[in-house]
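The values are calculated or read from the model by the stated rules, or taken from the named source; none is laboratory data. In this text the structure is predicted, and so the values were computed from the model without any measurement. A quick note on method: Cβ atoms are made from the backbone with ideal geometry, for glycine too, and the neighbour counts reach across all protein chains shown.
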Amino acid sequence: MYIGSEHGLIKLFLIIALSSSPVYSQSKETGKKDAPKWVNELPMSPGSIFAVGMVNRYFDKKAGEEAAAQSARAELAQTIKVNVKTITSTWSGSSASGLVSSLEKSIDEDVLASVQNAKILETWVDPEGLTYALAELPLAGAVSAIQKKVVDEAKKTAGKKDPKKIEKLEVSLKGLKDPKSYVRKDKPDWIKALPEEDDAIYAVGIAEGYYFYVNGREAAKDKSRGELGQTIKSEVQAILTDWYEVNSGEASGAAGQSFIEEMTNSVSEATLSGSQIVETWYDRSSKWHYALTRMSLSQVISHVNEKAKEKVKDPKKLKGLSDKLGKLINRDYLKMQNGYPVWINKIPKDKGAVFAVGMDEGKYFSQTKGIEKAKESARTKLAKTIGVQIENITKTWIESEGSSFGGEPLNDYMSEITKEATDVSLEGSQIMATFVATDKAGKQTFYALSRLYTGGMLAKIKRKASQTIKVPEATSQEDNAQKILSSGRESAKAALEKLNAALDQLD
């Protein structure tokens, strides 16, 4: 469920939310005392729903009030769409059904049109300069068109085959006119596990310790956008680095760094402008705010491919990059099974990548701390796994090919190559997913899944091997013949090729 950014209202809201740094701090005591009650507690009234919008400092008071009003209307639109999704998901039996997916786009215009009729009851500017607006939307006239659109879409899927099922949906949709149906008390499923969608990536932001409800909500939104942006940037950067190492040389060089930095920065900008806040939720018991953000992966892939065409002219290399980017979609190992992600019980396998699962059972005041510990564990385990594999490959190679180097101390070289593998794994790995499991006693266990693309890693290790294990250079035909006899140059070269072939078995 998300609000499409193609509409003018939401475009304005996104610009407001992203054009300046968030300053959602706790207000001073004077601000707390003077704040209207509705800033922290929405009014309740038969037949109407309410929402509060907030924006950062504006030099022009009227402009700030208008922006806050638009923000409040955007909150109303999101509230309605979440309720529609809840009703239709329950009716169809799945939040990923065809009906739910089609409704996300088809009712956009109806929802946005309905919230334009919302009345701005009051505005307030706090001592820090933040502007708040309270909006009221009478439901009777606002949701009629939406109810009809949902039923029409449902008939396309259920058709005339099951008229009783359509009748049940019509009864459920009457709840859209009841303000109480918009109050969500139960913790949403997406807090425990992110939604599953082949062509989308999600992130959750958590904010705590805010006196004003609206400030906490907006901070959670910003954190979710930041988390999503970092996740996508990390994913794309890993793919670009791996691809560049294999196709264009050392990615850590100036040219490689410039190319990758320019590409990933453009992805970050595209994520900020293209992501949508799907839903927010407030846990009154813990006073924590949660926000869920979504971004289309096809949109990300298309953006990277278009930017790459400006820099890379080789069609074969471009296709290789496009194929790698395609792995962002349809990642079955991120799906849920029996209440847990598939990757917890079965470590994913993918050609060109290595995975590891980290876990932490510590007791923390904040979930964020436990998740960070699990991420650290996953990265460390991945580095150790790869380090051991590289060490075993190198050791086996030394035992069979060491004589080709005329007694050179290859054991020292093995430790250098293994260290390179460990360093590359720690620096280049990405966190793919996290999960928090809570047992009946309330004990929490934190999990994280890490991944490393092996193409770029192997390219770096091969370079390290060629730099570390020296093969004598020939300066003339006479010298060449002499060195072949004395040091076995050709044998050493062939031995290095065997090491590279052995390393390729990891890919």
Going through (1) surrounded by 16 or more Cβ atoms within 10 Å (Cβ to Cβ); (2) over 30 Å from V214 (Cβ atoms); (3) touching a strand residue (DSSP E or B) at 6+ places or on another chain (Cβ under 9 Å); (4) not polar (S, T, N, Q) one by one, V278 fails only at (2)
When only residues in segment 135-191 that are acidic (D, E) and assigned to a loop (DSSP other than H, G, I, E, B) count, which is nearest to S102 (Cα to Cα)? D162
Every residue in segment 25-46 that is under 16 Å from W124 (Cα atoms) and at pLDDT 55 or above, please. K32, K33, D34, A35, P36, K37, W38, V39, N40, E41, L42, P43
Counting only residues in segment 347-362 that are at pLDDT 80 or above and either of a type in the set (S, T, N, Q) or exposed (fewer than 12 other Cβ atoms within 10 Å of the Cβ) (or both), the one nearest to the chain's Cα centre (by Cα) is identified as K349
Can K327 be described as surrounded by fewer than 14 Cβ atoms within 10 Å (Cβ to Cβ), of a type in the set (D, E, K, R) and assigned to a helix (DSSP H, G or I)? no
Of the listed residues (G209, G129, G205), the one being among the small types (G, A, S), surrounded by fewer than 17 Cβ atoms within 10 Å (Cβ to Cβ) and closer than 26 Å to D283 by Cβ is G209
Go through the residues of segment 244-257 one by one and say whether even a single one is modelled with pLDDT of 80 or more, crowded, with 20+ Cβ neighbours inside 10 Å, in a loop (DSSP other than H, G, I, E, B) and not acidic (D, E). no
Kindly indicate the residue of segment 330-344 that is outside any loop (DSSP other than H, G, I, E, B) and either farther than 27 Å from T422 by Cβ or of a type in the set (D, E) (or both) and also modelled with the lowest pLDDT among those meeting that condition. D332
Expected output for segment 127-145 (first residue closer than 15 Å to V52 by Cα and assigned by TED's automatic domain parsing to the domain that holds A67, partner of a type in the set (F, W, Y) and assigned to a strand (DSSP E or B), Cβ below 7 Å, 6+ apart or cross-chain) is Y132/W124; L134/F50; A135/F50; E136/F50
So which residues in segment 161-174 are surrounded by fewer than 17 Cβ atoms within 10 Å (Cβ to Cβ) and closer than 14 Å to L139 by Cα? K174
Looking at (1) of a type in the set (K, R); (2) part of a loop (DSSP other than H, G, I, E, B); (3) within 30 Å of A459 (Cα to Cα), can you tell me which one K233 breaks? (2)
Please work out which one of (1) of a type in the set (K, R); (2) modelled with pLDDT of 70 or more; (3) surrounded by 14 or more Cβ atoms within 10 Å (Cβ to Cβ) is the condition K440 fails and give its number. (3)
Can you tell me how many residues within segment 310-324 are part of a loop (DSSP other than H, G, I, E, B) and among the charged types (D, E, K, R)? 2
Which residues, counting only those in segment 354-390, are charged (D, E, K, R) and assigned to a helix (DSSP H, G or I)? K369, E372, K373, K375, E376, R379, K381, K384
Residues (over 18 Å from G47 (Cβ atoms), among the hydrophobic types (A, V, I, L, M, F, W, C) and under 34 Å from the mean Cα position of the chain (by Cα)) located in segment 113-139: A113, V125, L130, A133
Name the residue, out of S266, S298, S275, that is hydroxyl-bearing (S, T, Y) and under 30 Å from V52 (Cβ atoms). S275
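Matching residues to (1) in the same structural domain as S224 (by TED's automatic domain parsing); (2) in contact with an Asp or Glu (Cβ under 9 Å, 6 or more places away or on another chain):
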site	(1), (2)
T264	yes, no
S275	yes, no
S298	yes, yes
M359	no, no
Odd one out for K287, checked against (1) outside the structural domain of I239 (by TED's automatic domain parsing); (2) in contact (Cβ under 8 Å) with a residue 40 or more places away in the chain; (3) of a type in the set (K, R): (1)
Which of the residues that make up segment 117-140 are closer than 19 Å to R217 by Cβ and either out of contact with any Ser or Thr (no Cβ under 8 Å at 6 or more places or on another chain) or of a type in the set (A, V, I, L, M) (or both)? A118, I120, L121, E122, V125, G129, L130, A133, L134, A135, L137
Over segment 333-349, the set of residues free of Cβ contacts under 8 Å to residues at least 12 places away in the same chain and closer than 18 Å to S450 by Cβ is V342, N345, I347, K349
Criterion first (at pLDDT 80 or above, surrounded by 14 or more Cβ atoms within 10 Å (Cβ to Cβ) and among the polar types (S, T, N, Q)) does T418 satisfy it? no
Members of segment 218-241 found to be touching a residue at least 40 places away in the same chain (Cβ under 8 Å) and basic (K, R), listed by number: K221, K223, R225
